[in-house]
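Novice: One structure coming up, written as structure tokens, with questions to follow.
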Amino acid sequence: MITTDRMAAVDANAAALGVPRKQLMESSGNAVAREVRAVADPGATVALVCGRGNNGGDALVAARFLKGYDVTVSLLGRPEAIRTDIARENWDALESAEIPREAVADSRGLNLTGPDGDDPDVVVDAMLGSGISGGLREPERTAAAAINASDATVIAVDVPSGIDADTGDPTGGSGETSVDADEGAVAVHADRVVTFHDEKPGLDSLDAAVTVADIGIPAAAERFTGPGDLLGIDRDPDSHKGENGEVLVVGGGPYTGAPTLSALAALRAGADLVSVACPESVAGAVQGFSPNLIVRALPGDRVGPAHADRVASLAAENDVVVLGPGLGGGDGTEAFVREFLTAFEGRAVVDADALRVVPDVDTDAELICTPHQGELVGMGGETAEEPDERAELVREFAAELDHALLVKGAVDVIADADGARLNRTGNPGMTVGGTGDVLAGTVGALAAVTDPFRAAAVGAYVVGRAGDAAAEANGAGLVATDLPDRLPEAMRNE
Ligand SMILES: NC(=O)C1=CN([C@@H]2O[C@H](COP(=O)(O)OP(=O)(O)OC[C@H]3O[C@@H](n4cnc5c(N)ncnc54)[C@H](O)[C@@H]3O)[C@@H](O)[C@H]2O)[C@H](O)CC1
Ligand SMILES: [K+]
């Protein structure tokens, strides 16, 4: 089962792996033609009704695969309005191939019946797929009513036009779907649906036979993080200060650099406001690193149980807490982490010395734990050489903890109870001190704008990418401070 958003991510990841969309479209079109052959013998009349996006493009490809059928290709709208290069290329290919095609500028001109007045044997609905938003507009709206009024067997490409693939509901909102264009939400009533790559949550509830076609998306496009995972993590151009994330880093004491690196990374990863709660002994030094940070000094030289209330009230003002960088491992610190997490109900990234408290603390917080393999074992988790085997062990442990895990290594494993993903960006130079602090801060910033699993997956991906860029510049001399400033470039989704 795959949602529309995840499908878009996987599609982009496939392209990054060298399998571009046009190649997928060729497979999709082939699969549509196979479905036509399953319901009608050669010689049958087949009307392909194509929208101007890639859903339409799939049917333009299918036309080439339907030799021996009496095919008509109708494009709804002007050819100049075709929205993607790959769909346009397939439209153009029909002309050179002398496959008849027609652009229907006015939907009232869509005539599904043949010269003898008969309905076609098959209508292929390729008007709109996963790119739909809102209820069907013209000319698709009237065309949907014409398709529904026809006696033909209707095969929908990917999803019936006008239906939300995630929910099965009409995109026009609640209410009955109607064949009447004048009232209610309109959607195509399909007899069959050929959908691609994986089942879609909304198709089950339809009264249609659903075929899932393998279109050649490699398993690696789902298994590994990729640029597609960044889709949708954009800054809203209309947002106000604070809406892109407020992060509180709690750390420092024995160390000064660690909480600072986390905080700077959180800022570069897109957080609007980043505060550092640290012992007063290091507060000046942390502030000295950057005027962009808000520093909250806690009395003394170690974070301890006496600070739990103060940190809790600071945490309540933020979207995410990053707990652990440079905290150190003293008894008082451990007691603080325990006390803080017991009462905390928000979202936190837990790193370094704070990790060992997690397995036996009773908390309602939503945690993203970022151990390396040694720390994972210290927490009671298991590891294995082979990445897939390791992924399954980490997933089981995440389910047991009921938190998300990001286990750092040459190949990182990101997991929650529902699944696991691998990340292979990064390089051996990143074993230098401080890169883990950068990662924790980055994941913290992302966790303010997306769910924990995705924050961890994207965080691992972009920090690895920033590290790869740093290694290119500095080779084995890479240091952690090279990374934060490279995050914005690493977060571009290409
Ligand atoms: N990996 C894959 O998933 C592949 C999918 N393929 C097919 O591509 C479509 C999705 O294509 P896309 O171009 O993104 O969108 P659509 O064709 O669905 O929509 C295009 C266009 O329509 C306009 N529009 C949006 N909402 C409405 C509306 N309510 N009424 C009218 N018009 C609307 C809008 O401007 C959109 O841009 C997917 O379903 C598959 O069929 C490829 O084959 C590659 C692999
Ligand atoms: K469709």
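Novice: Only residues that are open to solvent by 30 Å² or more (accessible area, probe 1.4 Å) and part of a helix (DSSP H, G or I): list them for the range 60-80, please.
Specialist: Those that are open to solvent by 30 Å² or more (accessible area, probe 1.4 Å) and part of a helix (DSSP H, G or I): R64, P79, E80.
Novice: Here's a check for you: in the range 76-101, which residue that is within 13 Å of R52 (Cα to Cα) and in contact with a Leu (Cβ under 8 Å, 6 or more places away or on another chain) is nearest to ligand 2 (Cβ to nearest atom)?
Specialist: Among those that are within 13 Å of R52 (Cα to Cα) and in contact with a Leu (Cβ under 8 Å, 6 or more places away or on another chain), it is L76.
Novice: Separate question: Just the residues that are farther than 21 Å from A12 by Cα, of a type outside the set (D, E) and open to solvent by 40 Å² or more (accessible area, probe 1.4 Å), please, taken from the range 207-243.
Specialist: A209, V210, T211, P237, H240, K241
Novice: Restricting the range 131-144 to residues that are more than 9 Å from ligand 2 (Cβ to nearest atom) and either among the hydroxyl-bearing types (S, T, Y) or surrounded by 19 or more Cβ atoms within 10 Å (Cβ to Cβ) (or both), which is nearest to the chain's Cα centre (by Cα)?
Specialist: Checked the range 131-144; the qualifying residue nearest to the chain's Cα centre (by Cα) is S133.
Novice: Something else now. Run G216 past the list (1) part of a loop (DSSP other than H, G, I, E, B); (2) touching a Gly at 6+ places or on another chain (Cβ under 6 Å); (3) closer than 30 Å to G426 by Cα and report the number of the one that doesn't hold.
Specialist: Failing condition for G216: (2).
Novice: Which residue pairs have Cβ atoms closer than 9 Å, lie 6 or more positions apart in sequence or on different chains, and pair a first residue in the range 132-160 that is closer than 21 Å to A33 by Cα with a second residue that is of a type in the set (F, W, Y) and within 15 Å of ligand 2 (Cβ to nearest atom)?
Specialist: Once the first residue is closer than 21 Å to A33 by Cα and sits in the range 132-160, its partners that are of a type in the set (F, W, Y) and within 15 Å of ligand 2 (Cβ to nearest atom) give V157/F196; D158/F196.
Novice: Hey, any hits in the range 350-363 for a residue that's part of a loop (DSSP other than H, G, I, E, B), among the aliphatic types (A, V, I, L, M) and touching a Leu at 6+ places or on another chain (Cβ under 6 Å)?
Specialist: Yes - at least one qualifying residue is present in the range 350-363.
Novice: Does N55 count as closer than 23 Å to E140 by Cβ, in contact (Cβ under 8 Å) with a residue 40 or more places away in the chain, open to solvent by less than 60 Å² (accessible area, probe 1.4 Å) and near ligand 1 (Cβ under 9 Å from one of its atoms)?
Specialist: For N55, the condition - closer than 23 Å to E140 by Cβ, in contact (Cβ under 8 Å) with a residue 40 or more places away in the chain, open to solvent by less than 60 Å² (accessible area, probe 1.4 Å) and near ligand 1 (Cβ under 9 Å from one of its atoms) - is met.
Novice: Looking at this structure, is R338 in a helix (DSSP H, G or I), surrounded by 15 or more Cβ atoms within 10 Å (Cβ to Cβ), assigned by TED's automatic domain parsing to the domain that holds A457 and under 25 Å from the mean Cα position of the chain (by Cα)? Outline the logic, then answer.
Specialist: On the way: in a helix (DSSP H, G or I): yes; surrounded by 15 or more Cβ atoms within 10 Å (Cβ to Cβ): yes; assigned by TED's automatic domain parsing to the domain that holds A457: yes; under 25 Å from the mean Cα position of the chain (by Cα): no.
Against the criterion (in a helix (DSSP H, G or I), surrounded by 15 or more Cβ atoms within 10 Å (Cβ to Cβ), assigned by TED's automatic domain parsing to the domain that holds A457 and under 25 Å from the mean Cα position of the chain (by Cα)), R338 does not qualify.
Novice: Same structure again: Filter the range 81-111 for residues that are farther than 19 Å from A33 by Cβ and part of a loop (DSSP other than H, G, I, E, B); which is farthest from the chain's Cα centre (by Cα)?
Specialist: Applying the filter and picking the extreme gives N111.
Novice: Hey, can you tell me all the residues within the range 27-51 that are assigned to a helix (DSSP H, G or I) and either outside the structural domain of V159 (by TED's automatic domain parsing) or open to solvent by 60 Å² or more (accessible area, probe 1.4 Å) (or both)?
Specialist: Once the filter is applied, which keeps residues that are assigned to a helix (DSSP H, G or I) and either outside the structural domain of V159 (by TED's automatic domain parsing) or open to solvent by 60 Å² or more (accessible area, probe 1.4 Å) (or both), the range 27-51 yields R34, R37, A38.
Novice: Now, a different point. Mind checking which residues of the range 341-360 are closer than 16 Å to A404 by Cβ and buried (at least 19 other Cβ atoms within 10 Å of the Cβ)?
Specialist: Across the range 341-360, the qualifying residues are L341, F344, R347, A348, V349, V350, D351, A354, L355, V358.
Novice: Same structure again: Name the helices (runs of 4 or more DSSP H) wholly within the range 391-494 that hold at least 3 residues that are open to solvent by less than 10 Å² (accessible area, probe 1.4 Å)?
Specialist: The helices (runs of 4 or more DSSP H) meeting that bar are 435-447, 452-474.
The values are calculated or read from the model by the stated rules, or taken from the named source; none is laboratory data. Quick caveat, the model's predicted, so the values are computed rather than measured. Every residue, glycine as well, gets a Cβ built from its backbone with ideal geometry; the counts of neighbours run over all protein chains shown. The protein model used for the area step is the full one, side chains on, heavy atoms only, and it has no ligands, DNA or RNA in it. Shrake-Rupley method; radii C 1.70, N 1.55, O 1.52, S 1.80 Å.
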